[in-house]
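Visitor: If you scroll down you'll find the structure; I have some questions about it.
The values are calculated or read from the model by the stated rules, or taken from the named source; none is laboratory data. The shown structure was predicted, so the numbers you read here are calculated from the model rather than taken from an experiment. Reconstructed Cβ throughout: ideal geometry from the backbone, glycine too, with neighbour counts over all protein chains shown.
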Amino acid sequence: MSACTPQSVLSTSPLFSLGQIVATPGALDLLDRTGTNASGLLWRHQCGDWGAVCAEDAQSNRQAVVEDARILSAYELGSRRERLWIITEADRSITTLLLPADY
């Protein structure tokens with residue numbers, strides 16, 4: 001992909017590295033049940049489309065990009081709008097896809 005396409009992106013290119021990408025069994029199940037492609041969500045996360053986070057968390061994420069802190073995105077998937085979190089750690093070594101209950 002060469003550019004971000006979601007409506008609420010902050011950038012047309014990645015803002016930070018994802019590091020190793022891992023997912024919990026619950027996250028994998030949700031992605032499978034909803035037919036969601038994880039790479040699209042990871043691209044949105046990396047380009048600054050934090051999904052369904054509150055304004056305060058969005059501001060924290062913008063600051064985290066600059067200050068190398070933890071970044072959290074939340075996406076609502078499927079007709080039941082089940083939440084999937086994507087968290088990139090401060091050192092950018094790992095990004096985890098997980099359910100809030102997995103945290």
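Visitor: Look through 42, 30 and report the one residue that is under 17 Å from residue 93 (Cβ atoms), touching a residue at least 24 places away in the same chain (Cβ under 8 Å), crowded, with 16+ Cβ neighbours inside 10 Å and not aromatic (Phe, Trp, Tyr). Show your work before the answer.
Guide: On the way: 30 fails: under 17 Å from residue 93 (Cβ atoms).
Just one listed residue meets the conditions, 42.
Visitor: Which residue, of 40, 51, 78, is small (Gly, Ala, Ser) and farther than 21 Å from residue 13 by Cβ?
Guide: Numbers: 40 fails: farther than 21 Å from residue 13 by Cβ; 51 fails: farther than 21 Å from residue 13 by Cβ.
Of 40, 51, 78, the one residue that is small (Gly, Ala, Ser) and farther than 21 Å from residue 13 by Cβ is 78.
Visitor: Of the residues that make up the range 71-82, is at least one loosely packed, with under 13 Cβ neighbours inside 10 Å, of a type in the set (D, E, K, R) and touching a strand residue (DSSP E or B) at 6+ places or on another chain (Cβ under 8 Å)? It would help to see each step written out before you state the result.
Guide: Looking only at the range 71-82, we keep the residues that are loosely packed, with under 13 Cβ neighbours inside 10 Å, and these are 76, 79-81.
Add one more test, that the residue is of a type in the set (D, E, K, R), and what stays is 76, 80-81.
Checking which are touching a strand residue (DSSP E or B) at 6+ places or on another chain (Cβ under 8 Å) leaves us with 76.
So far as the range 71-82 goes, yes, one or more of its residues are loosely packed, with under 13 Cβ neighbours inside 10 Å, of a type in the set (D, E, K, R) and touching a strand residue (DSSP E or B) at 6+ places or on another chain (Cβ under 8 Å).
Visitor: While we're here: Which of the residues that make up the range 83-103 are at negative phi, touching a residue at least 60 places away in the same chain (Cβ under 8 Å) and either surrounded by 13 or more Cβ atoms within 10 Å (Cβ to Cβ) or touching a strand residue (DSSP E or B) at 6+ places or on another chain (Cβ under 6 Å) (or both)?
Guide: 88, 89, 94, 95, 96, 97, 98, 99, 102
Visitor: Further, regarding this structure: In the range 59-86, what count of residues is obtained for those that are under 21 Å from residue 33 (Cα atoms) and in a strand (DSSP E or B)? Spell out the reasoning first.
Guide: Step one: of the range 59-86, the residues under 21 Å from residue 33 (Cα atoms) are 73-86.
Filter once more, so that each one left must be in a strand (DSSP E or B): 73-77, 82-86.
Qualifying residue count, the range 59-86: 10.
Visitor: Go through the range 36-58 residue by residue and tally those that are part of a loop (DSSP other than H, G, I, E, B), farther than 16 Å from residue 97 by Cβ and among the small types (Gly, Ala, Ser).
Guide: Number satisfying all stated conditions: 1.
Visitor: Report the residue count in the range 2-22 for those that are part of a loop (DSSP other than H, G, I, E, B), modelled with pLDDT of 75 or more and within 14 Å of the chain's Cα centre (by Cα).
Guide: Here is the first cut: in the range 2-22, the residues part of a loop (DSSP other than H, G, I, E, B) are 2-19.
Now drop any that are not modelled with pLDDT of 75 or more, which leaves 11-19.
Checking which are within 14 Å of the chain's Cα centre (by Cα) leaves us with 14-19.
Total meeting the criteria: 6.
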